[in-house]
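S.K.: Dropping the structure in here first, questions after.
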Amino acid sequence: MVCWPKVPSYSATKGGIIGLTKCYAGYIGQHNININAIAPGPIETGMLDDLLKKLGMTREQVCQGTAKGRIGRPEDIMNAVAFLASDESDYITGQVLAVDGGYTAK
């Protein structure tokens, strides 16, 4: 998770979702239900444009901040969701999967 001082509500809500994910995973795991969260990084959406304006950042700066050197595509999130919804992820619960091109790794 990243924290941007100019938009603290964004970071606060992400923190809340992480806590809620772990809480519900522990609570309903006994019913064979998996609860996970995806923490998207910079993804090519209208929200990214708004966030960049608030932060005073450029797309180039964002790309430089990711290990993959690019902004994510909606399909990158879709692939993660498809995996977590599949039988291959049966023993994964209470986790937060960062789909951010390595943004939080740098």
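The values are calculated or read from the model by the stated rules, or taken from the named source; none is laboratory data. As the structure is a prediction and not an experimental result, all values here were calculated from the model. Methodologically, a virtual Cβ is constructed for each residue, glycine included, from the backbone with ideal geometry; neighbour enumeration extends over all protein chains shown.
S.K.: Hey, can you tell me all the residues within the range 71-97 that are under 22 Å from Ile33 (Cβ atoms), touching a residue at least 24 places away in the same chain (Cβ under 8 Å) and aliphatic (A, V, I, L, M)?
M.R.: Ile77, Ala80, Val81, Leu84, Ile92, Val96, Leu97
S.K.: Given the options Lys6, Lys14, name the one that is of a type in the set (D, E, K, R) and in contact with a strand residue (DSSP E or B) (Cβ under 9 Å, 6 or more places away or on another chain).
M.R.: Numbers: Lys6 fails: in contact with a strand residue (DSSP E or B) (Cβ under 9 Å, 6 or more places away or on another chain).
It is Lys14.
S.K.: Which of the residues belonging to the range 37-75 are within 15 Å of Ala105 (Cβ to Cβ) and among the basic types (Lys, Arg)?
M.R.: Initially, the range 37-75 is screened for residues within 15 Å of Ala105 (Cβ to Cβ), giving 39-42, 62-70, 72.
Once the filter is applied, which keeps residues that are within 15 Å of Ala105 (Cβ to Cβ) and among the basic types (Lys, Arg), the range 37-75 yields Lys68, Arg70.
S.K.: Related question: Return the residues of the range 38-52 that are aliphatic (A, V, I, L, M) and touching a helix residue (DSSP H, G or I) at 6+ places or on another chain (Cβ under 9 Å); say none if nothing qualifies.
M.R.: Ile38, Ala39, Ile43, Leu48, Leu51, Leu52
S.K.: OK, next. Scan (1) more than 19 Å from Trp4 (Cα to Cα); (2) without any contact (Cβ under 8 Å) to a residue 24 or more places away in the chain; (3) among the hydrophobic types (A, V, I, L, M, F, W, C) for the single condition Leu52 breaks and write down its number.
M.R.: Only one criterion is unmet by Leu52, namely (1).
S.K.: Right, next: Can you tell me how many residues in the range 7-30 are of a type in the set (A, V, I, L, M) and at pLDDT below 95?
M.R.: Applying the first criterion (of a type in the set (A, V, I, L, M)) to the range 7-30 yields 7, 12, 17-18, 20, 25, 28.
Then keep just the ones that are at pLDDT below 95; that gives 7, 12.
Looking only at that region, the number is 2.
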